[in-house]
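Inspection log for the structure reproduced underneath, given as structure tokens.
The values are calculated or read from the model by the stated rules, or taken from the named source; none is laboratory data. None of these values were measured; they are calculated from a predicted model. Cβ atoms come from the backbone with ideal geometry, glycine included; neighbour counts cover every protein chain shown. For the accessible areas, the whole protein counts, side chains as well, though only heavy atoms, and no ligand, DNA or RNA atoms are used. Shrake-Rupley method; radii C 1.70, N 1.55, O 1.52, S 1.80 Å.
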Amino acid sequence: MATDDELERIREQKRQELRDRVEGAGGDSVGSGTDNATETPDEPIAITGPDHFGEVLETHSRILVDFYADWCGPCQMLAPVLDRLAAETPGTIAKVDTEAHPQLAQQYGVRGLPTLILFENGEPAQQLVGMQQEATLRSLLTS
Amino acid sequence: MTETPHQDTPRELVIVGSGVAGLSAAVYAARADLEPLVLEGPEPGGQLTLTTEVENYLGFPDGIGGMELIQRGKQQAERFGAEFAHGEVDRADLKGRPFTLELATGDVIHTKALIVATGASARWVGAENESELMGYGLSTCATCDGAFHRGDDVLVIGGGDSAMEEALFLTKFADSVTVVHRRDELRASDIMARRARENPDISFRWNTELLEIHGSTETGVTGATLVSHPDGHPTAKDDGVSAEEVDVGGIFYGVGHIPNTDFLADTGVDRDETGYIVTLEGMTTETAVEGVFAAGDVMDPDYRQAITAAGTGSMAALDAEAWLDEQPESAVEPEPETASPQL
């Protein structure tokens, strides 16, 4: 069982990661979404908040969004698959940390992890819950 | 990486499944220079990726996270040269030699020896609406989805260790946790049952089963219909069953697992009536098909522990190695080039 101390430690670690991410927002870790509006980034876009998510949805007419949490094992197993697909396919992928951004998870009715939502023109078009096969996602991103 | 010069050369060993049994087999097989290919399957890392802390794995006196144990195991296997690929076996031809594995993607892999470590997946109870609401407030993974139920009343279905673990974990988030069990006593180990019983946030509904789940993909789970019978197993009874509707925001299944062996139909590998692979008599991982070995929960209806899965995984690799050594062709054939996955 995870103790409260451990959960607090995880949260603190996540807050620190978030701070690092926000501070480094000018760098290439999250910048690719807005800098290269017409190109598809070759790594998942880390969403830093609702405003950023709104911008990303506006910029990319078709985008697969991974709602995840660090404590979720299947999410961790899915992460390298999404990294690879972002690099290898013309599709665009974004990641929303549901612990850091619970309002985004709530807004899109995310109740199970991982949840993948395909957005088309800013609207959810398809939703997949749970671990997915690489081939399924690849065809979603290349179609 | 750049070429596959021996596309038709079969692999020495393919391990199907990447839970603790598959990883343990991979460590042993890789150290024996069998250059195993591990097919990770639809649930990479297996059941341990869905657990919180593992407290009874030898060598970790303070416990270790299930996910961490798996990730360390994978690193260990990779360190010795095991190769990992995403893929799920759809069909297997184990009558010809080498064996042929057809993946869900249509790719085909040939291998001389095979270790089946496909484990078992969470069982669903068969309640009305469960396939619609799975992932929308209905879950088989409390550690994944528990945090979405802050302030909710939730149900845990089941009476074994995994149900107790889920119930205890969910008390961190939920307002109340009710364990729904079809009998009047728990199947869980004494230590887990005691922890759950002593927790003031957990209550029990004995002799009760889940009949129907209410809600939609928009609203999520909003409630459930429960049925009870004084003698237990209410859904199997004709008379004396009482039904009740409850308002809950989440339902978690902890009703055991079913072995993932559908792809072994008509292959000659023996399975029992519940689908578990039957290994040959005595202490061995050999199956009814020579050259096919089984490890972990897929062949173990009784113990189903992380450490027993690791144990049978190592046995399967040793058994496969010994069997490969006995095969005449592998003695005269040059070392095959297996740097690239034959996918």
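Worth pointing out:
- Residues that are over 30 Å from B:Glu53 (Cβ atoms) and in contact with a Ser or Thr (Cβ under 8 Å, 6 or more places away or on another chain) do occur in segment B:293-304.
- Filtered residue count, segment B:128-140, keeping only those that are among the hydrophobic types (A, V, I, L, M, F, W, C) and open to solvent by 10 Å² or more (accessible area, probe 1.4 Å): 1
- Checking each residue in segment A:40-60 for being open to solvent by less than 30 Å² (accessible area, probe 1.4 Å) and touching a helix residue (DSSP H, G or I) at 6+ places or on another chain (Cβ under 7 Å) picks out A:Pro41, A:Pro44, A:Ile45, A:Ala46, A:Ile47, A:Phe53, A:Val56.
- Of the residues in segment A:91-100, none is outside any helix (DSSP H, G or I), in contact with a Pro (Cβ under 7 Å, 6 or more places away or on another chain) and facing another protein chain (nearest Cβ under 7 Å).
- Output for segment B:258-278, where each listed residue is in a strand (DSSP E or B) and not aliphatic (A, V, I, L, M): B:Pro259, B:Arg271
- Here B:Trp124 meets the list (1) under 21 Å from the mean Cα position of the chain (by Cα); (2) open to solvent by 10 Å² or more (accessible area, probe 1.4 Å); (3) within 10 Å of chain A (Cβ to nearest Cβ) almost entirely, failing just condition (3).
Here is a yes/no grid of residues against (1) buried (at least 21 other Cβ atoms within 10 Å of the Cβ); (2) modelled with pLDDT under 95; (3) at negative phi:
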site	(1), (2), (3)
B:Thr143	yes, yes, yes
B:Leu155	yes, no, yes
B:Asp161	no, yes, yes
B:Asp201	no, no, yes
B:Leu210	yes, no, yes
B:Ile213	yes, no, yes
B:Glu218	no, yes, yes
B:Ser228	no, no, yes
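- Filter pass, B:Arg182 being among the charged types (D, E, K, R), buried (at least 23 other Cβ atoms within 10 Å of the Cβ) and more than 14 Å from chain A (Cβ to nearest Cβ): yes
- So A:Ala100, is it small (Gly, Ala, Ser) and in contact (Cβ under 8 Å) with a residue 12 or more places away in the chain: yes
- Within segment B:220-257, the set of residues being more than 14 Å from chain A (Cβ to nearest Cβ), outside any strand (DSSP E or B) and over 26 Å from the mean Cα position of the chain (by Cα) comprises B:His229, B:Pro230, B:Asp231, B:Gly232, B:Pro234, B:Thr235, B:Ala236, B:Lys237, B:Asp238, B:Asp239, B:Gly240, B:Val241.
- Against the numbered list (1) more than 14 Å from chain A (Cβ to nearest Cβ); (2) open to solvent by less than 10 Å² (accessible area, probe 1.4 Å), B:Gly22 comes up short only at (1).
- Qualifying residue in segment A:90-113 (condition: closer than 25 Å to B:Thr49 by Cβ and among the basic types (Lys, Arg)): yes
- Matching residues, segment B:259-284, being surrounded by 15 or more Cβ atoms within 10 Å (Cβ to Cβ) and in contact (Cβ under 8 Å) with a residue 60 or more places away in the chain: B:Pro259, B:Asn260, B:Thr261, B:Phe263, B:Leu264, B:Thr267, B:Val269, B:Ile277
- Residues in segment B:38-51 that are within 11 Å of chain A (Cβ to nearest Cβ) and outside any helix (DSSP H, G or I): B:Glu40, B:Gly41, B:Pro42, B:Glu43, B:Pro44, B:Gly45, B:Thr51.
- Enumeration of residues in segment A:61-75 that are open to solvent by less than 10 Å² (accessible area, probe 1.4 Å) and either of a type outside the set (A, V, I, L, M, F, W, C) or within 14 Å of chain B (Cβ to nearest Cβ) (or both): A:Asp66, A:Phe67, A:Ala69, A:Cys72, A:Gly73, A:Cys75
- Residues of segment B:52-73 that turn out to be within 10 Å of chain A (Cβ to nearest Cβ) and in contact with a helix residue (DSSP H, G or I) (Cβ under 7 Å, 6 or more places away or on another chain), as a count: 4
- Taking segment B:69-92 as the range and being charged (D, E, K, R) and surrounded by 15 or more Cβ atoms within 10 Å (Cβ to Cβ) as the test, the residues that pass are B:Lys74, B:Glu78, B:Glu83, B:Glu88, B:Arg91.
- Candidate set from segment B:57-68 (those that are surrounded by fewer than 17 Cβ atoms within 10 Å (Cβ to Cβ) and either outside the structural domain of B:Glu35 (by TED's automatic domain parsing) or of a type in the set (A, V, I, L, M, F, W, C) (or both)); member that is farthest from B:His110 (Cα to Cα): B:Phe60
- Candidate set: segment B:102-117, residues that are at pLDDT 95 or above and open to solvent by 30 Å² or more (accessible area, probe 1.4 Å); chosen: the one farthest from the other protein chains (Cβ to nearest Cβ): B:His110
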